[in-house]
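A quick write-up on the structure given underneath.
Every number here is computed from the coordinates shown, using simple stated rules; none is lab data. Keep in mind the model is a prediction, meaning the values are calculated, not measured. As a convention, Cβ positions derive from the backbone with ideal geometry for all residues, glycine included, and neighbour counts pool all protein chains shown.
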Amino acid sequence: MSRPYVIDQMISAKSIAARIEALARDIHDAFDGTDKLVVVGLLRGSFVFIADLVRELDLPVEVDFIEASSYGDGMESSREVRILKDLRGTIEGRDVLIVEDIVDTGHTLSHVTDYLRSRHPARLKTIALLDKPARREVDFRADWTGFEIPDAFVVGYGIDFAQRNRNLPYIGQVRFTDDA
Ligand code: IMP
């Protein structure tokens, strides 16, 4: 049975848009002169972020997706990461940017980064919209982070709780209303 909850806004749509503009400038500088940047979104949580990010990037861009196992329908991260859907294109000798929604324990992004690095891209960088450093279990830091947030369960802007709330335009914190 699902517990009742409300969602408190944590980061507004306007703040997200402003941060993405700044991040896109940094990414542009880092990959300036690239003949093609393959922007790899981690499904499914990054789909809104990647859509907004690529539209701010004035670079030759190709978009691809990869899916790794994560929370299932719960709130606990699985430590064993499996690739459920692989890239369609080749990244050997290409510039690659991996786009993730949240770095939590760090297992998912560190695993996917190692996995794609083994295909010998030219340059490989990572970006996460959100980072929860307090939850980290492996030594991993994305090259760019949108916002550092506290240890809270968040939804919206592509991020779900049991597949719901991905369509909220802002980032909100889940607060259970049956808490004592
Ligand atoms: P990690 O492997 O523990 O770093 O987890 C990364 C994945 O867990 C993210 O891509 C999200 O899909 C999911 N996740 C982590 N924190 C949250 C959260 O607060 N809300 C929803 N999903 C989350």
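Some points to look at:
- Likely footprinting exposure, 118, 69, fewest C-beta neighbours within 10 Å first: 118, 69
- Gained length - residue 148 relative to residue 51, 0.36 nm times residue gap less alpha-carbon distance: 32.8 nm
- Estimated purely from DSSP H runs of n ≥ 4, each contributing -39500 (n - 2.57), the mean residue ellipticity at 222 nm for the chain is -7000 deg cm²/dmol once divided by its residues.
- Amide H within-cut-off set for residue 126, under 5 Å, with H built and near neighbours excluded: 98, 143, 144
- Around the amide H of residue 5, modelled in the peptide plane, lie the amide H atoms of 177, all under 5 Å away and 5 or more residues distant in sequence or on another chain.
- Across segment 152-167, computed HN-Hα scalar couplings (Karplus, 6.51 cos²θ - 1.76 cosθ + 1.60, θ = phi - 60°) run 9, 8, 10, 9, x, 6, x, 9, 10, 10, 6, 6, 10, 6, 5, 8 Hz from first to last residue, x flagging Gly and Pro.
- Computed FRET value (nearest 0.05) for residue 22 with residue 2, which takes r as the C-beta separation and R₀ as 41 Å: 0.65
- HN-Hα J in Hz across segment 9-19 - Karplus 6.51, -1.76, 1.60, θ = phi - 60°, x for Gly and Pro: 4, 10, 9, 6, 4, 5, 5, 4, 4, 5, 5
- A Förster radius of 41 Å combined with the Cβ-Cβ distance from residue 136 to residue 92 puts the calculated FRET efficiency at roughly 0.85.
- Mean-square fluctuations from a GNM of the chain, with a 10 angstrom spring cutoff on Cα atoms, peak among 129, 87, 43 at 87.
- If the segment from residue 120 to residue 67 were pulled out straight at 0.36 nm per residue, it would be longer than the present Cα-Cα gap by 17.1 nm.
- Under the convention that each Lys and Arg Cβ holds +1 and each Asp and Glu Cβ holds -1, the size of the dipole of the chain around its Cα centre is about 240 debye.
- Dipole magnitude (debye, nearest 20) for segment 95-153, charges at Cβ of Lys, Arg, Asp, Glu: 240 debye
- Within the shell defined by Cβ-Cβ distances under 15 Å, the residues around residue 146 carry a net charge of -4, with Lys and Arg each +1 and Asp and Glu each -1.
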